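Q: One structure is given below, represented as structure tokens, and several questions about it will come after.
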Amino acid sequence: MDHQAAFRTLAADAFAMLQSGEQLTLYLRGEESSFIRFNQGKVRQAGEVRQTVLTLRLIRDRRQAAMEIGLSGDLANDRDAVAQAVASLRPVLPALPEDPQLELGPAAVLTERRPARHPSAEAILTELLEAGAGLDLVGILATGPMWTGMCSSVGHDYWSENSAFNLDWCAYCGGEGSSLAVKCNLAGEVWDPEALREKIRFVRTQLALLARPARVVPPGSYRTWFEPAAVGELLWLLNGLEGFSVRATRTATSPLLQLHQGCRTFSPKVSLWDDASAGVAPRFDEEGFLRPDSLLLLDQGRPAELLVSSRSAREFGVAANGAAVDECAPSLLLAGGGVASKDILLRLNTGILVSNLWYLNLSDRNSARVTGMTRFASFWVENGEIVCPIAAMRLDDSAYNLLGDALEDLGEGPEVQLSTDTYFRRSNQGVTAPGALVSAVTYTL
Amino acid sequence: MYADLPSRFRALVPACDFASLRWVRERSQTLTVRRDVLLPPRDSVDVGVMVTVHAGGGVGYAATADLSDAGLRAALHTAHAWAESMGSRFIFDSRGLNPARPDGTWESPVQRPWHELALADRIGLLRDLSSRLHPAAPAGLSFVDWSATLMQVDTEVAYITPESTAYQHFSMISPDATTVVSNGTESQARSFGRGPSRQGGVEVLDEIGFSNAAEWLVADAVALIEAPDCPSARCDLILAPDQMMLQIHESIGHPLELDRILGDERNYAGTSFVTRGMFGNYRYGSELLNITFDPGVPGEFASYRWDDQGTTAEKAWLIRDGVLQAPLGGALSQARSGLPGVANTRASSWNRPPIDRMANLNLEPGSVSLTQMIGAVERGVFMRTNRSWSIDDRRDKFQFGCEWGQLIENGQLTSVVKNPNYRGRSPDFWRSLAGVGDRSTWEVHGTPYCGKGEPNQLIRVGHASPACRFVDVDVFGGG
């Protein structure tokens, strides 16, 4: 029995247990993942993880309680586990107050299934190690199917299933403690061996540049090109800290409050969407709401839609738009600009090329001031040519400067970056972003 | 479910160099009241096993929630196949290892079990706290967001080898409360923080004063929104234990992790400015700096008897009188590096393989009271409760921010300042340590959220520390 069929069987059993007046929603997330971790071009850890977590939400008289249980994959055992969960939730409800923010999305049916179109983990690793022979490679390969389902006793029937790979690695130069490395990622649903070979060629070119003596650039303000991965990191920070959340905006806790209050704007070059077609995230959430195909969050530098979860919809009297309870966009898309790849160094002229940003956080939430470190292959550039790598630097500047007053232009080709996050389970989120040319960035350490 | 697992596992182990099974059952409950509305209570029950097989020079693992004989057999087969197929490519040869085979039981100290506090009483506690987090605000201000949370976790772990079984039972509580005040254009938050996360039962809530937190949180938040920004200066800095937790964690704990030094984390969490040649001779901090790995502090969040590879945990000095002594490295990392270490090979759950982690990493108390410490400062800032943290991949250049700041002028605490931040470089900072508080200033803290590893793992750590004074630190405010 496939995963969807098993889920529907469990659901049918669970719904049959309900008593008069009860409603039940089921939200399922599962994966069969292979993980190979490597260091110095050799395997550090290798294995598989099979896990499926089911969240049951029992509702009665506008009261609700939820329980997460791990499923074993054995249908008889899992039926018992579901029955026990429902039975344990039932006596909890009378002890709870009514939930004024309880709301389920309109019932609908949706199935998305995309079969695996990539080789096994072992085959991908072999290709990497052969192509990268002689390199100090470190990173992780994660592959395998993931599935998400949601159904309810009031008619929701959603399913999303795909199989993706995420090969995230670096090639280092220098000895113990060196930070000089080229960061690469290949991720998606269709494996392209030539794309890997192209990455390896790029790595070898960059390593030759990293072998030059590194420069310690003193703190100050510098013209900077941020590669797409660095821009993606900045967008994830603003998104993850509820920059586009209606709840955070209404409670004055959003780091972009000044933007939403009309006091500040980003550059007119900045248009941002939650784009459901990007990435591999499911189109539905735990409460049964469907995400729109595309939701405009920033329109030429000005605020557009906010992410509204079902709870916020009830709390603030606005319409829900499919946002999950955290009100973070799972698939950000930043529109491209006018900097062609071949012109990046010429347009930068003299300044810093930042390949990656690391450990971003807020220095001051009220002014959207962000701090973080440059990481991996970041270079000092003079007169349109790379001179040498730089020692890691700390930037500390406002997002209203980085994406606003000082933003000269964006790269013309946004790059898709699937999340490498594997906390608890493999992420299905992603960001699509171009690089960014910023005329003045403040570096402090 | 657990009782017959050792015998069933042993009957199924294939021919190999070594095999182990780590069974984890974790039950948790999260209750949150936000803006006086109870969010849907969420319970969790998660059970599974991680099977590890050493064969052909490699190590393979398989994690499954199917605990039937068929499920265990399949997991052992999978782990064995990974070990065999990858053995020749491994970064170490597992045939040279001598895995631990521990026997015994251990459990967290609990005076009053969680179940003795009825669900209605837990909710009542949170609703009462929530109602007091937003009193009538002074003119021009309003409380815009507030919440109170209780997370309780009950974790059982059994580490089973063909010859032994070690069983541990952890009971943990992690409370939090926050209130946010706004003047319409900016806001300031004051939070209890996750710092008081502890092992134990309901008694922990009384020990940390959770139910009485609302009044000081409210008063602090109002004081902050009306305060000027922290000035920019190079001056003395005194950190309260709830910020020392973060300082120790980021700029001592992570750089001493041996797997980072060995390069395993270079693609994600990063490497370290510490290298293998520094142990035994490197001056990490001033002579006042004494850091211990101490798994035996009663109630501290990451206390345990054995790590997740079965090594017995004992107190060890990692930095003594400011000089680096030993890394945070478990048995495997010790074998790979030739360095001494501690029992800190840990996994976040059954679905992740263990790696070098912090556990209880503590700064030993000194000899001065907080009053004496403040009295020694002519010009400085006192900061408490972390709100922002950022450090480079070598754990050197850091910038941390706190919720609460207060100026120190001529030996006295004076004006409140908002948005206090400070930055520096790890070795320089620890060498500027000029005062270590005595036992009266020493507090036990912990957090459930230390992230590291590929695949990623969030793990619980404990940090106990006194208040500490540093000199000539770069401090600044917001804006």
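Q: Does B:Glu443 satisfy the criteria of being crowded, with 24+ Cβ neighbours inside 10 Å, of a type in the set (D, E, K, R) and farther than 14 Å from B:Gly380 by Cβ?
A: Against the criterion (crowded, with 24+ Cβ neighbours inside 10 Å, of a type in the set (D, E, K, R) and farther than 14 Å from B:Gly380 by Cβ), B:Glu443 does not qualify.
Q: Here's something else I'd like to know. Just name the residue that is surrounded by the fewest Cβ atoms within 10 Å (Cβ to Cβ) out of those in region A:229-252 that are more than 22 Å from the chain's Cα centre (by Cα) and part of a loop (DSSP other than H, G, I, E, B).
A: Restricting to residues being more than 22 Å from the chain's Cα centre (by Cα) and part of a loop (DSSP other than H, G, I, E, B), the top hit is A:Ala252.
Q: B:Asp307 - would you say it is in contact with a strand residue (DSSP E or B) (Cβ under 9 Å, 6 or more places away or on another chain), modelled with pLDDT of 95 or more and within 13 Å of chain A (Cβ to nearest Cβ)?
A: In short, no.
Q: Same structure again: Go through (1) buried (at least 21 other Cβ atoms within 10 Å of the Cβ); (2) without any contact (Cβ under 8 Å) to a residue 60 or more places away in the chain; (3) on the phi > 0 side of the Ramachandran plot and name the single condition B:Gly310 misses.
A: Result: B:Gly310 passes all but (2).
Q: Let me ask something additional. Going through B:Gln372, B:Gln399 one at a time, which residue ends up being in the same structural domain as B:Glu314 (by TED's automatic domain parsing), in a helix (DSSP H, G or I) and not aliphatic (A, V, I, L, M)?
A: Just one listed residue meets the conditions, B:Gln372.
Q: Next question. When only residues in region B:412-440 that are surrounded by 22 or more Cβ atoms within 10 Å (Cβ to Cβ) and among the small types (Gly, Ala, Ser) count, which is farthest from the other protein chains (Cβ to nearest Cβ)?
A: Checking each candidate, the answer is B:Gly437.
Q: Further, regarding this structure: Go through region A:378-406 and count every residue that is in contact with a Lys or Arg (Cβ under 6 Å, 6 or more places away or on another chain) and either in contact (Cβ under 8 Å) with a residue 40 or more places away in the chain or not assigned by TED's automatic domain parsing to the domain that holds A:Gly337 (or both).
A: 5
Q: Look at B:Thr179 and say whether it is within 14 Å of chain A (Cβ to nearest Cβ), at pLDDT below 95, out of contact with any Cys (no Cβ under 6 Å at 6 or more places or on another chain) and over 30 Å from B:Arg10 (Cβ atoms).
A: no
Q: A follow-up question, please. So which residues in region B:132-163 are farther than 27 Å from B:Gln309 by Cβ and acidic (Asp, Glu)?
A: If the condition is that a residue be farther than 27 Å from B:Gln309 by Cβ and acidic (Asp, Glu), then B:Asp145 is the only one that fits.
Q: A follow-up question, please. Answer yes or no: is there a residue in region A:86-95 that is within 7 Å of chain B (Cβ to nearest Cβ) and among the aliphatic types (A, V, I, L, M).
A: yes
Q: So, one more: Just name the residue that is nearest to the chain's Cα centre (by Cα) out of those in region B:275-304 that are within 14 Å of another protein chain (Cβ to nearest Cβ) and without any contact (Cβ under 8 Å) to a residue 60 or more places away in the chain.
A: Ranking the candidates gives B:Thr275 first.
Q: Here's something else I'd like to know. Give region A:56-85 a look and list any residue that's at the interface with chain B (Cβ under 8 Å from one of its Cβ atoms) and either among the charged types (D, E, K, R) or not in a helix (DSSP H, G or I) (or both), or say none.
A: A:Arg57, A:Gln64, A:Ala65, A:Ala66, A:Met67, A:Glu68, A:Ile69, A:Gly70, A:Leu71, A:Ser72, A:Gly73, A:Asp74
Q: Residue check, A:Leu141 against (1) assigned to a helix (DSSP H, G or I); (2) under 22 Å from the mean Cα position of the chain (by Cα), all met but one. Which one?
A: Only one criterion is unmet by A:Leu141, namely (1).
Q: Could you list, in sequence order, the residues of region A:407-428 that are surrounded by fewer than 19 Cβ atoms within 10 Å (Cβ to Cβ) and either under 19 Å from A:Asn162 (Cα atoms) or within 14 Å of another protein chain (Cβ to nearest Cβ) (or both)?
A: Of everything in region A:407-428, those that are surrounded by fewer than 19 Cβ atoms within 10 Å (Cβ to Cβ) and either under 19 Å from A:Asn162 (Cα atoms) or within 14 Å of another protein chain (Cβ to nearest Cβ) (or both) turn out to be A:Val416, A:Asp421, A:Tyr423, A:Phe424.
Q: If a residue has to be within 11 Å of chain B (Cβ to nearest Cβ) and hydroxyl-bearing (Ser, Thr, Tyr) to count, how many in region A:154-196 make the cut?
A: 3
Q: Hey, could you check region B:461-479 for residues that are more than 13 Å from B:Leu237 (Cβ to Cβ) and surrounded by 24 or more Cβ atoms within 10 Å (Cβ to Cβ) and say which is nearest to the other protein chains (Cβ to nearest Cβ)?
A: Among them, the one singled out is B:Val461.
Okay, residues lined up against (1) of a type in the set (A, V, I, L, M, F, W, C); (2) in contact with a strand residue (DSSP E or B) (Cβ under 6 Å, 6 or more places away or on another chain):
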{"residue": "A:Gly73", "(1), (2)": "no, no"}
{"residue": "A:Asn77", "(1), (2)": "no, no"}
{"residue": "A:Gln84", "(1), (2)": "no, no"}
{"residue": "A:Leu93", "(1), (2)": "yes, yes"}
{"residue": "A:Gly105", "(1), (2)": "no, no"}
{"residue": "A:Arg114", "(1), (2)": "no, yes"}
{"residue": "A:Arg117", "(1), (2)": "no, yes"}
{"residue": "A:Thr126", "(1), (2)": "no, no"}
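Q: Determine whether region A:395-406 contains at least one residue that is crowded, with 18+ Cβ neighbours inside 10 Å and more than 30 Å from A:Ser294 (Cβ to Cβ).
A: Yes, that holds for at least one residue.
Q: Counting only residues that are among the small types (Gly, Ala, Ser) and part of a helix (DSSP H, G or I), which one in region B:204-232 is surrounded by the most Cβ atoms within 10 Å (Cβ to Cβ)?
A: B:Ala221
Q: So which residues in region A:370-388 are buried (at least 18 other Cβ atoms within 10 Å of the Cβ), touching a helix residue (DSSP H, G or I) at 6+ places or on another chain (Cβ under 7 Å) and more than 14 Å from chain B (Cβ to nearest Cβ)?
A: Answer for region A:370-388, where residues must be buried (at least 18 other Cβ atoms within 10 Å of the Cβ), touching a helix residue (DSSP H, G or I) at 6+ places or on another chain (Cβ under 7 Å) and more than 14 Å from chain B (Cβ to nearest Cβ): A:Phe379, A:Val381.
Q: Also, I was wondering about something else. Within region A:196-206, does at least one residue satisfy the condition of being touching a strand residue (DSSP E or B) at 6+ places or on another chain (Cβ under 6 Å) and either outside any helix (DSSP H, G or I) or crowded, with 21+ Cβ neighbours inside 10 Å (or both)?
A: Yes; the residues of region A:196-206 include at least one that is touching a strand residue (DSSP E or B) at 6+ places or on another chain (Cβ under 6 Å) and either outside any helix (DSSP H, G or I) or crowded, with 21+ Cβ neighbours inside 10 Å (or both).
Q: Specify which of the listed residues (A:Met17, A:Met67, A:Met1) is at pLDDT below 95 and touching a helix residue (DSSP H, G or I) at 6+ places or on another chain (Cβ under 9 Å).
A: A:Met1
Q: Is there a residue in region A:37-57 that is surrounded by 22 or more Cβ atoms within 10 Å (Cβ to Cβ), closer than 23 Å to B:Asp69 by Cα, among the hydroxyl-bearing types (Ser, Thr, Tyr) and assigned by TED's automatic domain parsing to the domain that holds A:Gly177?
A: Checked region A:37-57: at least one residue is surrounded by 22 or more Cβ atoms within 10 Å (Cβ to Cβ), closer than 23 Å to B:Asp69 by Cα, among the hydroxyl-bearing types (Ser, Thr, Tyr) and assigned by TED's automatic domain parsing to the domain that holds A:Gly177.
Residues are listed down the side, and each one gets a yes or a no for (1) crowded, with 18+ Cβ neighbours inside 10 Å; (2) within 18 Å of the chain's Cα centre (by Cα); (3) of a type in the set (S, T, N, Q):
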position	(1), (2), (3)
A:Thr265	yes, no, yes
A:Ala276	yes, yes, no
A:Phe284	yes, yes, no
A:Glu287	yes, no, no
A:Pro303	yes, no, no
A:Ala313	yes, no, no
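Q: Do any strands (runs of 3 or more DSSP E) entirely within region B:135-203 hold 3 or more residues that are in contact with a helix residue (DSSP H, G or I) (Cβ under 9 Å, 6 or more places away or on another chain) and under 14 Å from B:Ala223 (Cα atoms), and if so, which?
A: Fully inside region B:135-203 and qualifying: B:165-182, B:187-191.
Q: Then there is this: Hey, could you check region A:339-369 for residues that are over 24 Å from A:Leu207 (Cβ atoms) and more than 9 Å from every other protein chain (Cβ to nearest Cβ) and say which is surrounded by the fewest Cβ atoms within 10 Å (Cβ to Cβ)?
A: A:Ala340
Q: I need the strands (runs of 3 or more DSSP E) fully contained in region B:1-119, keeping only those with at least 1 residues that are away from chain A (no Cβ under 13 Å) and over 29 Å from the mean Cα position of the chain (by Cα).
A: In region B:1-119, B:18-34 are the strands (runs of 3 or more DSSP E) which contain 1 or more residues that are away from chain A (no Cβ under 13 Å) and over 29 Å from the mean Cα position of the chain (by Cα).
The values are calculated or read from the model by the stated rules, or taken from the named source; none is laboratory data. As the structure is a computational prediction, the values presented were derived from the model and not from experiment. Positions of Cβ are backbone-derived with ideal geometry, glycine not excepted, and every protein chain shown enters the neighbour counts.
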